[in-house]
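The values are calculated or read from the model by the stated rules, or taken from the named source; none is laboratory data. Computed from a prediction, not measured in an experiment: that's the story for all the values here. We place every Cβ from the backbone using ideal geometry, glycine too, and count neighbours over all the protein chains shown. Ligands, DNA and RNA are stripped out before the accessible areas are found, and what is left, the full protein with its side chains, is counted by its heavy atoms. Shrake-Rupley method; radii C 1.70, N 1.55, O 1.52, S 1.80 Å.
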Amino acid sequence: MDEIATSSDEVGKTVQSGGAGDRAGAESGGTPPRDRTDRSAALLATLIAVPVTVAVAGFTFAKLTPDAPAAEPGPAATSAGPQSTAPVEMAAPPLAERPATVCRALTSQLPPAVRDLRQRPVTAGPEQNAAYGDPALTIGCGGAEPDPGDTDDVWLVNKVCWYAVEGPDATVLTTLDRETAVRVTVPHAYGSALQWVSPISDVVIASVPSGGAAPAGCAG
């Protein structure tokens with residue numbers, strides 16, 4: 001029993017001695033206990049590291065995320081906006097039986113739209129006339145083909161020979177190599193007239209028979 005008590009007293013003295021030493025070190029301006037300092041330093045490092053990590057993660061996400069799709073371009077200057085559906089005034093001269101048959105074949109195969117111009121009704125002769133868009137691009141079938149001069153320009157578009165005449169408001173293109181004439185009137189608002197007869201030429205080839213040899217300027 002005496003030995004146990006003695007050991008207990010020694011342990012107590014040792015603990016007291018350690019505590020006193022720590023206090024003495026603190027009071028004498030020595031190094032404070034490392035435990036609290038280390039925890040403070042670790043907390044400060046964590047507070048700094050978290051925002052940096054978030055910023056880096058945000059930057060990485062921004063780089064990996066695809067750009068938002070660009071706004072689709074607006075309509076081109078030649079694109080049709082809201083279009084009138086009113087009938088387009090067109091003349092319908094009487095046709096002989098054969099040209100009338102050919103023109104009916106042509107108009108029956110015309111598309112419901114030429115590029116972005118929707119078809120509109122006409123005031124006369126739907127079996128030989130058609131109109132698209134606003135202002136109206138018109139197609140007329142029948143009659144004699146023109147006889148251009150040797151120096152006049154002619155154009156071969158999708159295997160159809162066209163002769164162009166410029167007017168104040170529109171370009172009139174007429175076929176030169178078909179059994180019966182096909183005329184396309186393209187308002188200047190739609191830009192180059194030849195680009196508009198390209199899809200029409202395909203219908204002309206399919207429905208209006210050739211009228212013989214094309215002028216020299218359309219050979220090829």
- Using only Cα atoms, what Kirkwood radius does the stretch 125-209 have, in angstroms? 13.0
- Query: For the stretch 188-199, what does the Karplus curve 6.51 cos²θ - 1.76 cosθ + 1.60, with θ = phi - 60°, yield as ³J(HN,Hα) per residue in whole Hz, taken in order and with x for Gly and Pro?
  - Reply: 4, 4, 8, x, 4, 6, 4, 5, 7, 7, 4, x
- Note on the structure: In whole percent, the fraction of accessible protein surface over the stretch 114-220 that belongs to carbon or sulfur atoms, probe radius 1.4 Å, stands at 52
- Task: Which order do the peptides 134-142, 187-195 take when ranked by the mean count of other beta-carbon atoms within 10 Å per residue, highest first?
- Result: 134-142, 187-195
- Peptides 153-162, 169-178 ordered by average Cβ neighbours within 10 Å, highest first: 169-178, 153-162
